[in-house]
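The values are calculated or read from the model by the stated rules, or taken from the named source; none is laboratory data. Just so it is clear, the structure is predicted and the values come from calculations on it, not from any experiment. Glycine gets a Cβ as well: all are built from the backbone with ideal geometry, and neighbour counts include every protein chain shown.
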Amino acid sequence: MKPKVIFRNVSKTYTLYGGKFDKLADLFSSRKKKNKTFYALNNISFEVYEGETIGIIGVNGSGKSTMSNLLAQVIPPTSGQISINGETSLIAISVGLNNNLTGFENIELKCLMHGLSQEKIEEITPKIIEFADIGEFISQPVKNYSSGMKSRLGFAISVHTDPDILIIDEALSVGDETFYEKCLAKMEEFKKKGKTIFFISHSISQVRSFCDRAIWLHHGKVQSYGGIGKVIREYKEFISWHKALAPEEQKMYKKEMMAKQFISFDKINNVENESVQLHSRSMTKKKKNSEKQGKNFILSVLFLCMLVSAYMLLQGGLHSVADTSKKIENTKNNLEVKKSSQPIQKEVRIINREGYVRENKIELFSDSNKKKVISSLDFSEKVMVEEEADQLYKIRLDNDKEGYTDQKNISLLDSIDDTKKITLSGILSITPEVFSKTYQFYLAYINASEEKIKNDLRGLTNEIAENSNKKFLVFGNGQIIFQINNGESTALIIKGIDTNSPEFSSLSENAVLKDQEGNFGLVATEQNYIIYNKLDQTITIETK
Ligand SMILES: Nc1ncnc2c1ncn2[C@@H]1O[C@H](COP(=O)(O)OP(=O)(O)OP(=O)(O)O)[C@@H](O)[C@H]1O
């Protein structure tokens, strides 16, 4: 039988920047910063056949969504070969639907993208609407939908366009039980037709009940691959081992694993400290022995060793790395699983107000225990504060990502003292001439569509995409940049600001929000917010 999907030594790397300002500095300045390359997936190989249902499991950040995006050909691999024989369709909560279009329009658009004729679209639209079952919302813009509704519509469209390969990324986790059962029935129908399904889920019971085989991803590598029973057993063993570690050991383990994702595994294989490997490895590793050790690699290993030594010293010889390994081996027999004490009921206050990040590079945690950092936020990033409990805010970002951060890191927008107003025309002397002479002309294009900016403005010299939703349009010698989010300009960035002038001091004195070090500030004018970044000598202008 011919494989439907083949992955051969596939890797996906990302360049990690310190923050949006670092990225801008790197893109536009001649002084290049040293940014890190991160392996989200490293050297992945497998084959999947017609009619198979493959579960993809792994803890947060292990590479599941990266894998689903590669499968759906939404992103290209950095290296290796992917061969896909058939039409793929990805269903994920935040992917594939255009937020500004209505449910109806999204149906038409997605069907057209799948190459369906107008006649076929007319035939299946009522079926999609019936399956999605979101009532009147079908004629509302998708941005007004709950995540459950998005998932319903996404699933309904995808299964009705009849793809050969269906990729379901956590999309069923937000639906209710009736919808979940309806989806399962549809997936069974798919299986019977001999179609291939990739099912990415945190729910082990869903994966077990539905999949034939599974791939367990762990820190960007295939930790186990094969029959569903075997893979789930190994994964669960790992989870119990990990849960039994003390919080400090968990942190240490994660740090070590992530450090490996920053350098080539080929290099690391030669000197990999076996003591931190998991006890149950079933996959075969390709050994490469003759790699030259580069300077960076030696530094990284030294750094790792220093970290380990420092940790062991601090803990007064708590455990050696070898001990940790033994501990893994003897998890079930010797380790006492720490029982959490009675959970303390925290009082939750509903906030639902917009806020600004008030320090640069604050940590966003995945849950209120603050164990896992999921991203870092830059000064002045706008967030929606949903609730507060125990001086911790639960916040939502523009891309619908949610997380927790300390209350002190966020200023609620309506609590910002907006009275210290200054005018934009009053600070033009600190901006480069190319902007100050015709600033009103440029300002008129904040909130304009990308298309309009490109049509109307001359001198576009560069276009830099940060991801599928966000890009920068660079004009002239790079001093005028429009930030585009989802096809619309959301901010105008001016580079080459004179930060030594008295006008800049007055700008910073009037800041209604400032970071502690005084490098970043937000200033309110009658119509705009101006965010200055002293380090990069930029101001970012947004409309209020
Ligand atoms: N565009 C990106 N730039 C930088 N790093 C990224 C990017 N996308 C993903 N990553 C990183 O790659 C790793 C794998 O991410 P991915 O979203 O694939 O994990 P996941 O297993 O789907 O996580 P989760 O279960 O939380 O959804 C993570 O460490 C993530 O931070």
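Here are a few things to note about the model shown:
- Entry remark, segment 38-95: residues being under 15 Å from ILE167 (Cα atoms) and among the aromatic types (Phe, Trp, Tyr) number 1 in total.
- Search result, residues across segment 180-197 that are touching a Gly at 6+ places or on another chain (Cβ under 8 Å) and part of a helix (DSSP H, G or I): CYS183, LYS191
- Residue count for segment 77-108, restricted to those that are within 15 Å of the ligand (Cβ to nearest atom), within 16 Å of the chain's Cα centre (by Cα) and not hydroxyl-bearing (Ser, Thr, Tyr): 3.
Residue-wise test of (1) away from the ligand (no atom under 16 Å from the Cβ); (2) farther than 20 Å from THR431 by Cβ; (3) out of contact with any helix residue (DSSP H, G or I) (no Cβ under 8 Å at 6 or more places or on another chain).
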residue	(1), (2), (3)
ILE446	yes, no, yes
ILE453	yes, no, yes
ARG458	yes, no, yes
GLU466	no, yes, no
ASN469	no, yes, yes
PHE475	yes, no, yes
ASN486	yes, yes, yes
SER489	yes, no, no
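Results for (1) touching a Cys at 6+ places or on another chain (Cβ under 9 Å); (2) closer than 20 Å to LYS64 by Cα, shown as yes or no for each residue.
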| position | (1), (2) |
| --- | --- |
| GLU130 | no, no |
| SER139 | no, no |
| TYR145 | no, no |
| ILE157 | yes, no |
| ASP162 | no, no |
| PHE179 | no, no |
| ILE197 | yes, yes |
| ASP212 | no, yes |
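- For segment 137-170, the candidate set comprises residues that are surrounded by fewer than 17 Cβ atoms within 10 Å (Cβ to Cβ) and of a type in the set (Ser, Thr, Tyr); within that set, the residue that is nearest to GLY55 (Cα to Cα) is SER147.
- For first residues located in segment 141-170 and at negative phi and in a strand (DSSP E or B), partners that are polar (S, T, N, Q) and modelled with pLDDT under 85 and lie 6+ apart or on another chain with Cβ distances below 6 Å form the pairs LEU166/SER89.
- Residue in segment 182-198 that is more than 14 Å from the ligand (Cβ to nearest atom), under 25 Å from the mean Cα position of the chain (by Cα) and either assigned by TED's automatic domain parsing to the domain that holds THR53 or at pLDDT 90 or above (or both) present: yes
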